[in-house]
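To start, the structure under review is shown below, and the notes come after it.
The values are calculated or read from the model by the stated rules, or taken from the named source; none is laboratory data. Quantities reported herein were computed from a predicted structural model and do not represent experimental measurements. Positions of Cβ are generated from backbone atoms using ideal geometry, with glycine treated the same way; all protein chains shown enter the neighbour counts.
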Amino acid sequence: MKLLPRHLYIVSTPIGNLDDITLRALEVLKNSDIILCEDTRRTVKLLNHYKFKKKMISYHKFNEKKKINEIIKYFNQGQILSLVSDAGTPLLSDPGRLLVNQCLENDIKVIPIPGVSSITSACSVSGFKDQFLFYGFLPKTENELEKVLSILSHNLYTQVFFVPSKKINFYIKSFKKYFSGRKILIAKEITKIHEIFFREKVENLKNFKNDFKGELTVVISNKDSNLENYDKEKIVNKARKYLKKYTLKDTVEIIFEIEKINKKIIYDICLKIKDEKNN
């Protein structure tokens, strides 16, 4: 295929198995003058696997502002550039947005070269509804995480997150609080030798004992609309009764075991009653 100057090619690369690359993606990389890489050490493994060499320039979140002018000069010289991330489709929780916008402002066309994505790969085997919200990496601090999940928990659609594997137990605690009543798929090392898919009801999730490497793709099922069909007055009465004897946490657990409705709903009702008593 013939590539054109003043075009930026956004090339999807394998997320694990190096054979998961399109013929078009290989042609684009082979015919590019320069490949912009999130990590040249990762990209060179792909190029070596397919036995060709190209000029590579490191382009990542820590140097993207600094590199912009240099990259635009290459376009003005008529060179052909492609952008890859370490794995999967660039710009999805990866650097590149700044460059794309700069190219658009300079009348440089941006062309997608579709391919692998851990997002669609995980969703395709989840069994959940295909109307989904992709959030990306969740906040690392508990306060920020609570703010985000308290909003997302009201969303009816399937939801997809990226989670550093070493922090999965930190996130499980919040998933159980905000997404009880839903199902969860945790995808580890998609397309690799040790690929595993953990499937469970959110409220039944247990902490993992072993540390994993890399990143996990987490898919939480769509919200069952029936979860909203509950007797609020009944829950309020139970909450008032149990809060006289038990802590907020224990009250939520007791009501959840009896009613089996979304734990976040129970928590919000109990918290409101508790606040009313304290005022």
Could you list all residues from the stretch 110-153 that are over 23 Å from LYS201 (Cα atoms) and aliphatic (A, V, I, L, M)?
VAL110, ILE111, ILE113, VAL116
Would you check if PRO95 is farther than 29 Å from LYS260 by Cα and assigned to a loop (DSSP other than H, G, I, E, B)?
yes
Mind checking which helices (runs of 4 or more DSSP H) fall wholly inside the stretch 198-279 and carry at least 2 residues that are assigned by TED's automatic domain parsing to the domain that holds LYS147, closer than 24 Å to LEU138 by Cβ and touching a residue at least 40 places away in the same chain (Cβ under 8 Å)?
none
So ASN278, is it of a type in the set (S, T, N, Q) and surrounded by 14 or more Cβ atoms within 10 Å (Cβ to Cβ):
no
Could you count how many residues in the stretch 34-63 are in contact (Cβ under 8 Å) with a residue 24 or more places away in the chain and either surrounded by fewer than 18 Cβ atoms within 10 Å (Cβ to Cβ) or within 13 Å of LEU8 (Cβ to Cβ) (or both)?
12
Enumeration of residues in the stretch 200-210 that are surrounded by fewer than 10 Cβ atoms within 10 Å (Cβ to Cβ) and either closer than 17 Å to PHE162 by Cβ or at pLDDT 90 or above (or both)
LYS206, ASN207
For the stretch 150-203 the number of residues that are within 28 Å of ALA87 (Cα to Cα) and of a type in the set (Lys, Arg) is 6
In the stretch 143-157, anything in contact with a Phe, Trp or Tyr (Cβ under 8 Å, 6 or more places away or on another chain) and either of a type outside the set (S, T, N, Q) or assigned to a helix (DSSP H, G or I) (or both) is listed as LEU145, VAL148, LEU149, SER150, LEU152, TYR157
Among the listed residues LYS183, LYS140, which satisfies the condition of being of a type in the set (Lys, Arg) and in contact (Cβ under 8 Å) with a residue 40 or more places away in the chain?
LYS183
Which of the following residues is surrounded by 16 or more Cβ atoms within 10 Å (Cβ to Cβ) and either touching a helix residue (DSSP H, G or I) at 6+ places or on another chain (Cβ under 6 Å) or over 28 Å from LYS213 (Cα atoms) (or both): ILE172, ILE108?
ILE108
Which numbered condition SER174 misses (of (1) part of a helix (DSSP H, G or I); (2) without any contact (Cβ under 8 Å) to a residue 12 or more places away in the chain; (3) not β-branched (Val, Ile, Thr))
(2)
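Table: residues versus (1) buried (at least 17 other Cβ atoms within 10 Å of the Cβ); (2) over 16 Å from the mean Cα position of the chain (by Cα).
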{"position": "ILE80", "(1), (2)": "yes, yes"}
{"position": "LEU104", "(1), (2)": "no, yes"}
{"position": "LYS129", "(1), (2)": "no, yes"}
{"position": "PHE137", "(1), (2)": "no, no"}
Scanning the stretch 221-242 for residues that are surrounded by 18 or more Cβ atoms within 10 Å (Cβ to Cβ) and at pLDDT 90 or above, the one nearest to the chain's Cα centre (by Cα) turns out to be SER221
